[in-house]
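Each remark here refers to the structure printed beneath this line.
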Amino acid sequence: MAAGTGKSAGAVFRAGGLSAVAAALAFALAAPAGAQTLDRVANGEPFRIGYRHFAPPYSYAASNGQPAGYIVDLCREVAEGLKRTLKVATLKVEYVKVTAEDRFEAVRDGRIDILCEPTSMTMSRRALVDFSLPTFLDGAGVVTRGTPVKGLEDLKGKKVGVLRGTTTEENLRSTLGQMRIAADIVTVTDHPEGLKQLADGKLDAYFGDRGILNYLISNSPFGNRLNLSDQYFTFETYALALPRGDQAFRLMVDGTLADLYRTERIRDIYAKSFGKFPPDQFLNALFVINGVPK
């Protein structure tokens, strides 16, 4: 399915990260069950939503400093579902900023109750956290200053940027290594930094989630110098990360999402972040498949 990468490259990408499963399982089996979120919030403690400072249009701090984005809005719906489940008139909500590096530990260690950002669901990550029903389908793309990349072979000898601590970094390293493509991989702490380095000539290409990259290029003062490839180099499924072992909370979250998917309300939430661009065939299929009956 990864157009432009060739069959072997697509297979390698799908296998990316699986080597970490065995090591992570040992930790998972020893880890205690997650805190019981419904009980804690029912006792007056805040519902803690984890979000990223800059991962638009999914999760970011708006110009007024408030958390915003498509997946943050889904978590606001979860908070409303929590109010209905607990039959309370008000609910104290706290927004906790996380990074690409510490987001899963924030869930595991109880600093947040739910992770609301473009989180790719993987088997190795399931050893640390649970996941909700899927929230989005996206994939990795590559940005260049000149001619768009058509295949990973085009990266030979190039300096390629990628966000540190992501599945995109893992898959990029794994795939280039297995395809014997020698490239200099440079990690950055956020996407704007990576795109700025690319625009300034410090990088030859930049990898990241296509939805985020498309948004940033469209809203960047130097966006006219950058080109996003048409190819998807991975297909990744986003979901909300939740504490392990908290089945009642996970059921409530999944019920809230399923209700949204069965109705037109999900399209209103989508349009708030993505404007006039309608969901593509993959996302429409996700809504239909995951609109699980009550």
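The values are calculated or read from the model by the stated rules, or taken from the named source; none is laboratory data. For clarity, every value in this text was computed on a predicted model and none was experimentally measured. In this analysis, Cβ positions are derived from the backbone assuming ideal geometry, glycine residues included, and neighbour counts consider all displayed protein chains.
What the table below lists for this structure:
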item	result
Pick from the range 219-251, criterion part of a strand (DSSP E or B) and of a type in the set (A, V, I, L, M), ranking: farthest from the chain's Cα centre (by Cα)	LEU228
Test: VAL96 is over 21 Å from ALA258 (Cβ atoms) and in contact with a Lys or Arg (Cβ under 6 Å, 6 or more places away or on another chain)	yes
Output for the range 160-188, where each listed residue is without any contact (Cβ under 8 Å) to a residue 40 or more places away in the chain and in a loop (DSSP other than H, G, I, E, B)	ARG180, ILE181, ALA182, ALA183
Qualifying positions in the range 191-218 - out of contact with any Leu (no Cβ under 8 Å at 6 or more places or on another chain), crowded, with 16+ Cβ neighbours inside 10 Å and assigned to a helix (DSSP H, G or I)	LYS196, GLY211, ILE212, TYR215
Boolean, ASP259 is in contact with an Asp or Glu (Cβ under 9 Å, 6 or more places away or on another chain), within 14 Å of VAL129 (Cβ to Cβ) and assigned by TED's automatic domain parsing to the domain that holds ALA68	no
Residue pairs meeting the criteria (Cβ under 9 Å; at least 6 apart or on separate chains; first within 26 Å of ALA248 (Cα to Cα) and exposed (fewer than 14 other Cβ atoms within 10 Å of the Cβ), in the range 41-64; second among the basic types (Lys, Arg) and at pLDDT 95 or above)	GLY44/LYS92
